Structure formats: structure tokens, C-alpha cells
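Working notes, structure below.
The values are calculated or read from the model by the stated rules, or taken from the named source; none is laboratory data. Since the structure is predicted, the reported quantities are computational estimates derived from the model, not experimental observations. Note: ideal-geometry Cβ built from the backbone for every residue, glycine included; neighbour counts use all protein chains shown. Just the protein is used for accessible areas: all its heavy atoms, side chains included, with ligands, DNA and RNA removed. Shrake-Rupley method; radii C 1.70, N 1.55, O 1.52, S 1.80 Å.
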Amino acid sequence: QVQLVESGGGLVQAGGSLRLSCEASGRMLSRYAMGWFRQAPGKEREFVAAIGWTASYTNYADSVKGRFTVSRDNAKNTAYLQMNSLKPEDTAVYYCAAKNVVLVAPTTGYDYWGQGTQVTVSS
């Protein structure tokens with residue numbers, strides 16, 4: 001079992017930045033690919049970004065390419081999502097997830113999920 005806890009959400013003005021963290025416990029994070037997803041009110045949850053064992057394997061949704069960066073620190077069992085140039089349409093609950101693969105950065109099929117952290121971007 002892997003337990004995931006997100007933090008770092010909040011209220012920010014358009015154009016601002018936030019860094020989300022996802023701390024894992026229960027298993028070594030290095031054995032898992034990490035993904036970030038988001039769900040806005042009235043919409044389905046969507047893929048945002050993912051990272052494999054290292055940054056050699058990353059994947060981003062088109063809507064966040066060039067603005068968001070996914071990273072990880074396996075020694076700290078933590079994954080991160082750096083969000084820059086935020087837009088009101090980035091407002092959502094952001095979830096991190098873990099999948100038991102390492103050499104890819106998958107967009108689906110995650111096994112473990114955190115509870116989510118709210119990100120609100122004001123215009």
C-alpha cells in the first residue's frame with residue numbers, strides 16, 4: 001500500500017505560481033511512476049502531468065506544457081508539481097497518484113490516489 005498526501009494548494013492571482021507536493025508513505029516512491037490529475041467543478045478528472053523513476057520520463061497535458069513542471073525527490077519520497085503562469089482555467093482540485101511502473105510516465109491506470117488539494121486562480 002502507498003499513502004499519498006498532497007499539499008501546497010491555495011489561492012493565487014492569474015500569472016502567479018504554486019508548487020504542489022505529494023509525500024508518499026508505506027512504500028519506496030522510487031518504485032512508482034507519479035502522476036498529477038485535476039478535477040474542476042462539473043468536469044471529469046483529467047491528466048495533468050506524470051514522471052517515471054527519473055525526469056527522463058515525463059509527460060504533460062497540452063494545456064499545461066511550458067507552464068507546469070513535474071519532478072521528484074526519491075530520497076524524500078516526494079513528488080512535486082511546479083505551476084507557473086497560472087490561469088483561471090487551472091482552478092481545480094489537484095490529485096497525485098502512484099502507479100507501480102518506473103520506466104514510463106503513464107496518463108492512466110494509477111493504483112493509489114491522494115485526497116487532493118484545492119488550487120484556485122483568480123482573474
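Would you please state which residues of region 3-18 a label at Thr58 would reach in this model, taking the label point 7 Å out along Cα→Cβ and a backbone N cut-off of under 16 Å?
18
Before I look further, what does the chain give for accessible area per residue, probe 1.4 Å, in whole square angstrom?
Solvent-accessible surface per residue comes out at 51 Å².
Among Met83, Gln3, Ala49, flag the residue with its Cα farthest along the positive direction of the charge dipole of region 1-108, charges on Cβ as +1 for Lys/Arg and -1 for Asp/Glu.
Positive-most Cα among the choices belongs to Gln3.
With the Cα gyration tensor of the chain giving a ≥ b ≥ c as the square roots of its eigenvalues, does the rule (a/c under 1.5 for rounded; else a/b larger than b/c for prolate; else oblate) give rounded, prolate or oblate?
Prolate is the answer for the chain, as a/c is 1.5 or above and a/b outweighs b/c.
Give me the percent relative contact order of the chain, please, defined on Cα pairs under 8 angstrom at least 6 residues apart.
After rounding, I find 37 percent.
Count the lysine pairs in the chain whose Cα atoms sit under 23 Å apart, keeping only pairs 8 or more residues apart in sequence or on different chains.
5
Let's see if you can work this out: charge +1 on each Lys and Arg Cβ, -1 on each Asp and Glu Cβ, no other charges. What is the dipole magnitude of the chain about its Cα centre, in debye to the nearest 20?
180
Using a 10 Å cut-off on Cβ atoms, rank the peptides 106-114, 32-40 from the highest mean neighbour count down.
My ranking of the peptides, most packed first, is 32-40, 106-114.
Which net charge results when you count Lys and Arg as +1 and Asp and Glu as -1 among the other residues whose beta-carbon is under 12 Å from that of Val2?
+1
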